[in-house]
1. For the range 264-286, which positions are at pLDDT 95 or above and not hydrophobic (A, V, I, L, M, F, W, C)?
2. Residues GLY41, GLY63: which one is modelled with pLDDT under 95, surrounded by fewer than 17 Cβ atoms within 10 Å (Cβ to Cβ) and not basic (Lys, Arg)?
3. In the range 112-127, what count of residues is obtained for those that are within 20 Å of the chain's Cα centre (by Cα) and surrounded by fewer than 17 Cβ atoms within 10 Å (Cβ to Cβ)?
4. I'd like to verify a number: residues in the range 23-53 that are assigned to a strand (DSSP E or B), out of contact with any helix residue (DSSP H, G or I) (no Cβ under 9 Å at 6 or more places or on another chain) and within 24 Å of GLU117 (Cβ to Cβ), how many?
5. Would you please name the residue that is modelled with the lowest pLDDT, looking only at residues in the range 1-22 that are of a type in the set (A, V, I, L, M, F, W, C) and assigned to a loop (DSSP other than H, G, I, E, B)?
6. Consider the range 171-188. How many of its residues are among the polar types (S, T, N, Q), out of contact with any Asp or Glu (no Cβ under 8 Å at 6 or more places or on another chain) and assigned to a helix (DSSP H, G or I)?
7. In this structure, does ASP194 turn out to be at pLDDT 90 or above, closer than 16 Å to SER173 by Cα, of a type in the set (Asp, Glu) and within 27 Å of the chain's Cα centre (by Cα)?
8. Step by step: first the residues of the range 287-315, then only those that are in contact with a Pro (Cβ under 8 Å, 6 or more places away or on another chain) and more than 16 Å from GLU156 (Cα to Cα), then the one that is modelled with the lowest pLDDT. Which residue is that?
Amino acid sequence: MIIESQIKVFSGSTGKEFSERVCKDLNLELGKSRTIRFPEGNIYVKADENVRGKDIFLIQSIGLNPNDEFTEILFWIDAFKRASAKSVTLVMPYFSYAKGDKKDEPRVSIRGRVCAECIELAGIDRVVTMDLHSPQIQGFFKKPVDNLSAMPILCEYIKSLRIEDVIVVSPDSGHAKEARRFARYLSVPVAIGDKERSGYEADASIVEIVGNVEGKNAVIVDDFSITGGTLFNISKELKKRGAKKIIACLSHILLNDKGIDRLMDSDIELLISTDTVNNPYVHECEKIKILSVAPFFAETIRRIHKGESVSSLFQEVPIHVLEIED
């Protein structure tokens, strides 16, 4: 049982709906706060209740507006620390700058590392996130990082569809390890795409698919999609090679209105994702099914606050996590 006098959950400006779902599961009231954006772009944050001596959990993704959301997170951490909070945990369901995880050409910034250092300098005590672009990004932080996985939630929904002759498809070799985890969970074979990207173009061309997909129902798995280019290109290639039904699974969905239009014209029949990003473009699309992972994060918060194991959650996903967000 959580004692409300010892813990408080607050939301950043773009995480309110998700935070309310988390608080509902924890039987807590969302902390009173305000975020103001001044005409010139300055951001002002304030907690409208006492946080002294409390364990604070701040919920905000760095998603569709990454620069503002990242800056706001820094100000929130500083505000809670200056108000004498006992601890501050950042619950960041999606970390957009995790894409900048390496220096693969001269004179570029490792953006994920810069963000991690800034978050720690602001005074964070712990970070909770989901499906980082690369697991080693946890090493960018010196503080503890809990990197949750959406895989069991997505896989259980796929199982509920009762589709036969399934093959899991990774769009590239970089996501092959995760695709194999999906395949083991579903007890099905796996195929791997080989793609190449020209310069900084959002879309990548599919060069080859390793694995026989003919006559199979393909489930493409990836961590996120912004334009949908990779998903749509590999779905075309799968159709050429004889795949039947094509489903896509994403941990995080960032498709904009143009991406939604492309999805509607694509060979993908269903795209399954989570509510880690507050994306207004996805709710009216009949091809998209959003699953709520808020109960999963709520259970993680409860365990952190109680000093219980979080790693065991990876094997013990509560069944109510599978509730579908309408």
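The values are calculated or read from the model by the stated rules, or taken from the named source; none is laboratory data. Owing to the predicted nature of the structure, the values given are computational and were not obtained by experimental measurement. Backbone-built Cβ (ideal geometry, glycine too); neighbour counts: all protein chains shown.
1. Those that are at pLDDT 95 or above and not hydrophobic (A, V, I, L, M, F, W, C): GLU269, SER273, THR274, ASP275, THR276.
2. It is GLY41.
3. 1
4. Looking only at that region, the number is 0.
5. Checked the range 1-22; the qualifying residue modelled with the lowest pLDDT is MET1.
6. 0
7. Spelling it out, it is not the case that ASP194 is at pLDDT 90 or above, closer than 16 Å to SER173 by Cα, of a type in the set (Asp, Glu) and within 27 Å of the chain's Cα centre (by Cα).
8. GLU299
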